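Below: the structure, in structure tokens.
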Amino acid sequence: MSIFVDENTKVIVQGLTGGQGRFHGVRNRDYGTQVVGGVSPKKAGTDVEGIPVFASVKEAVAETGATASFVVVPPPAAVAAILEAAEAGIEFIVCITEGIPAHDEARCFNTLKKDFPNTRLLGPNCPGIISPGKCNIGITSGDIALAGGPVGIVSRSGTLTYQALHELSQQGVGQTTCVGIGGDPVPGTNFIDCLEAFEADPDTKAVMMIGEIGGSEEELAAAFIKDHMTKPVVSYVAGVTAPPGRKMGHAGAIISGSQGTAQAKMEALEAAGVTVALNPTEAGEKMVAIVRELGL
Amino acid sequence: MDLFEYQGKQYFAQFGIPVSPGGEANTVDEAVAVAEKIGYPVVVKAQVRVGGRGKAGGIKLADNADEVRLHAGNILGMDIKGHVVHRLWIELSSDIAEEYYASFTLDRPNKVYLGMLSKEGGVEIEEVAVTNPDAIIKLSIDPTVGLDLATATKWVADAELNEGAQAQAAALLVQLFDCYVKGDCDLAEINPLIYTTDHVVRALDAKVTLDVNAEFRHPEWEAWSDTDAEDPREAMAKEKGLNYIGLEGSVGIIANGAGLAMSTLDVVNQVGGKAANFLDIGGGANADVMTAALEVINADPSVRSIFVNIFGGITRVDEVAKGVIEALRRVDISSPIVLRLDGTNAIEGRALLAEHLNDRLVAEPTMLDAARRAVAMATTGGDSK
């Protein structure tokens with residue numbers, strides 16, 4: 001099994017006719033994802049390499065029965081696109097857009113929470129989600145993932161997500177689902193949402209969690225792991241050497257005051273029984289060792 | 001983007017938040033001219049983006065032009081915790097009866113806004129949070145609802161501000177919230193928020209951090225962006241549109257993705273080296289971006305070796321390899337380069353590079369191996385095998 005998406009997930013792409021939307025949408029389709037439509041008000045009625053384009057999400061849903069949406073639109077229009085999807089009944093939204101203002105994200109998150117409690121947003125500013133062999137929504141390159149489980153991956157960083165997949169796939173250890181939650185200050189889906197889903201997924205036997213400096217998501221995840229997780233967790237937190245007060249690329253990756261340091265996060269995770277690695281390679285090695293020990 | 005106090009006050013004023021009359025000055029003569037215009041006594045304030053200016057001697061009271069001249073002369077060029085003072089803010093002195101604290105920021109764990117108000121302002125709020133946490137009245141604000149005057153009125157009463165100050169303070173908090181949201185601030189903070197002996201509430205300081213993601217809807221911010229970078233390396237990188245942060249070490253870093261770049265610094269550190277910078281070239285690692293990145297790192301005299309760490313996801317490694325080869329044709333690099341290229345089309349990429357490899361351009365199969373090599377080269381200046 002997998003979490004959030006599987007081989008039956010029908011996906012539409014909002015922004016399919018744009019450069020990025022076309023590139024990633026078609027790639028996702030070619031991977032085997034059921035990409036059933038695109039949305040572009042001005043280009044309705046046309047198609048992108050055989051994928052039909054609709055005028056609105058509502059219309060696309062009515063015509064295709066899609067339940068998931070991949071939002072690839074520029075920052076000023078992203079939140080409106082997310083809310084349009086939610087209003088049309090989409091249950092799972094992946095938004096890869098980087099550079100959305102924090103206030104827009106905060107309003108978007110709270111609007112979804114209040115008015116569309118059954119809709120899950122992944123991102124923004126995330127690489128997306130891949131259940132190897134079943135469904136790939138986002139910008140992850142499908143060929144670095146390996147189907148068949150038993151590891152679930154959740155990560156705040158894009159390239160480190162790929163690195164994590166690579167470390168495991170190279171050792172022949174597959175993944176159930178790999179979720180990139182993104183590095184923005186207001187992520188729609190957080191570590192705990194994913195940990196909870198992995199804990200409940202019978203095919204996921206162990207979890208790899210990649211964190212980074214800033215905020216307190218890792219500390220909250222540590223508390224959750226301590227109280228609710230029975231499956232082993234391996235973690236790596238990027239940014240041990242990051243100087244305080246400087247944003248390291250991601251809007252969320254900033255150490256403010258004494259909060260958000262990698263050290264504090266690693267200590268919290270270790271105290272919760274998580275196997276903490278000092279670099280991505282070591283995290284991969286430790287995860288592989290655990291999987292072998294479980295006899296998988 | 002952090003604003004200087006004078007910029008923050010100008011921003012506050014746009015949202016109707018009362019501030020003291022004042023003006024900016026880059027020279028002693030300008031300082032005197034501003035003071036003469038607004039009248040005495042004035043306060044001469046160093047404009048640096050760091051706390052503790054007063055203690056360092058960067059804030060002085062002046063009763064006349066001679067005193068302005070004296071203080072402005074002393075403060076301009078002063079070094080406050082590594083920040084050199086290039087500009088002053090001269091404002092009318094206030095007779096302070098009470099000092100409060102007010103701020104709005106994002107409560108990240110709960111994904112709502114957090115307002116903080118305290119009748120104990122004028123000191124570090126982190127200190128109040130430790131010594132007297134009950135003195136800080138926190139208010140959670142739903143971003144879809146906002147802050148109205150009725151809520152603000154109750155808030156100032158809960159915080160036990162002086163009764164004479166409460167109505168003005170409540171109105172000001174609504175304005176500050178407006179500035180925080182409509183002004184796209186990550187942080188809007190006033191410390192101290194003062195109540196004067198003649199019963200006026202106003203902002204005596206301004207600490208504003210703008211969300212650069214919202215730059216597209218704030219053309220007015222452009223005037224402030226040029227004063228941002230103090231490190232010449234960062235100024236150069238900014239000009240080239242690179243996501244760069246200068247550090248103290250000798251291993252230049254180029255990586256794709258913020259997480260991988262951070263991780264690269266960590267790994268270099270773990271194998272005994274120190275990174276000279278953080279540089280995330282993002283997804284589009286083409287020849288132009290790679291050239292710009294190598295130019296910025298090449299201009300840093302403390303760099304002894306360069307570690308290029310690329311994990312191709314959508315970015316194909318063969319494209320990256322072409323970018324590196326082309327960049328090396330365009331830029332004469334003074335330090336040896338260690339490449340670690342992995343991910344999509346890594347085999348093709350490595351093949352392309354094979355004929356270009358020499359003792360100044362080496363490739364390693366893993367991140368750890370590459371970090372060790374780069375650190376060794378930084379120590380020996382490129383003779384490592």
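Details
- Within straight-line cross-link reach of B:Lys207, lysines at Cα separation under 19 Å, skipping those fewer than 8 residues along the same chain: A:Lys247, B:Lys9, B:Lys45, B:Lys55, B:Lys81, B:Lys119, B:Lys138, B:Lys182
- Segments B:58-70, B:109-121, A:59-71 sorted - mean Cβ within 10 Å per residue, highest first: A:59-71, B:109-121, B:58-70
- Footprinting exposure proxy for A:Ile139, B:Ile333, A:Ile82, A:Ile12 (fewest neighbouring C-beta atoms within 10 Å first): B:Ile333, A:Ile139, A:Ile12, A:Ile82
- Ranking B:Ser302, B:Leu193, B:Ile59 by how far each Cα lies toward the positive end of the dipole of the protein assembly as shown (charges on Cβ) leaves B:Ser302 at the top.
- Prolate/oblate/rounded call for region B:21-92, Cα gyration tensor, a/c under 1.5 rounded: prolate
- Computed about the Cα centre, the dipole magnitude for region A:141-293 is approximately 280 debye when only Lys and Arg (+1) and Asp and Glu (-1) carry charge, each at its Cβ.
- Cα-Cα pairs of region B:232-380 separated by more than 28 Å (percent): 6
- Over the protein assembly as shown, dividing the summed -39,500 (n - 2.57) contributions of all DSSP H runs of at least 4 residues by the number of residues returns a 222 nm mean residue ellipticity of -11000 deg cm²/dmol.
- For A:Lys134, the lysines whose Cα comes closer than 24 Å to its Cα, not counting residues fewer than 8 places off in the same chain, are A:Lys10, A:Lys205, A:Lys231.
- Protection-proxy order for peptides A:218-225, A:181-188, each taking the mean of Cβ atoms within 10 Å per residue, highest first: A:181-188, A:218-225
- Anisotropy class assigned to chain B is prolate, per the alpha carbon gyration tensor with a/c at or over the 1.5 cut-off and a/b larger than b/c.
- Dipole magnitude for chain B: about 1100 debye, using +1 per Lys or Arg Cβ and -1 per Asp or Glu Cβ, origin at the Cα centre.
- Comparing B:Pro143, B:Gly282, B:Ile96 along the charge dipole axis of the protein assembly as shown, the residue lying farthest to the positive side is B:Gly282, per the Cβ-charge model.
- Chain A - Debye-derived log10 I(q)/I(0), Cα point model, q = 0.06, 0.09, 0.15 Å⁻¹: -0.18, -0.41, -1.11
- Span from the region B:64-108 Cα centroid across to the region B:1-63 one, whole angstrom: 5
- When the alpha carbon gyration tensor of region B:96-225 is reduced to an equivalent ellipsoid, its three semi-axes come out at 24, 17, 15 angstrom, largest first.
- Scaled to the globular estimate 2.2 N^0.38 Å, the Cα spread of the protein assembly as shown, given as radius of gyration, is 1.02.
- Put a plus charge on the Cβ of each Lys and Arg, a minus charge on the Cβ of each Asp and Glu, and nothing anywhere else: the dipole of region B:96-225 about its Cα centre is then about 320 debye.
- Counting Cβ atoms of other protein chains within 10 Å of each residue's Cβ and taking the mean over peptide B:213-221 gives 4.
- For region A:149-244, convex hull volume per residue from C-alpha positions, Å³: 94
- Three-way shape call for region A:94-203 based on the alpha-carbon gyration tensor, with the a/c threshold at 1.5: prolate
- Backbone HN-Hα couplings from phi across region B:205-219 [Karplus 6.51/-1.76/1.60, Hz, Gly and Pro as x]: 9, 8, 10, 10, 10, 8, 7, 4, 5, 9, 3, 4, 10, 10, x
- Separation of alpha-carbon centers, region A:264-286 and region B:128-201, rounded to whole Å: 41
- For region B:70-203, relative contact order (Cα pairs under 8 Å, six or more residues apart, normalised by length) works out to 29 percent.
- Residues B:Arg350, B:Arg373 in ascending order of nearby Cβ atoms (within 10 Å, fewest first): B:Arg350, B:Arg373.
- Note, ³J(HN,Hα) from phi for region B:24-33, Karplus 6.51, -1.76, 1.60, rounded to Hz, x at Gly and Pro: 8, 8, 9, 9, 4, 4, 5, 4, 5, 4
- Its Kirkwood hydrodynamic radius, worked out from the mean inverse distance over all distinct Cα pairs, puts region A:176-295 at 14.6 Å.
- Dimensionless Rg over Rh [region A:10-122; C-alpha; Kirkwood]: 0.95
- Peptide A:210-223 has a mean of 1 when you count, residue by residue, the C-beta atoms of other protein chains within 10 Å of its C-beta.
- Number of partner chain Cβ atoms within 10 Å, mean per residue of B:183-196: 1
- Likely footprinting exposure, B:Phe15, B:Phe177, A:Phe109, fewest C-beta neighbours within 10 Å first: B:Phe15, A:Phe109, B:Phe177
Each value in this text was obtained by applying a stated rule to the coordinates, not by laboratory testing. The structure displayed is predicted, hence computed values, not measured ones. In this analysis, Cβ positions are derived from the backbone assuming ideal geometry, glycine residues included, and neighbour counts consider all displayed protein chains.
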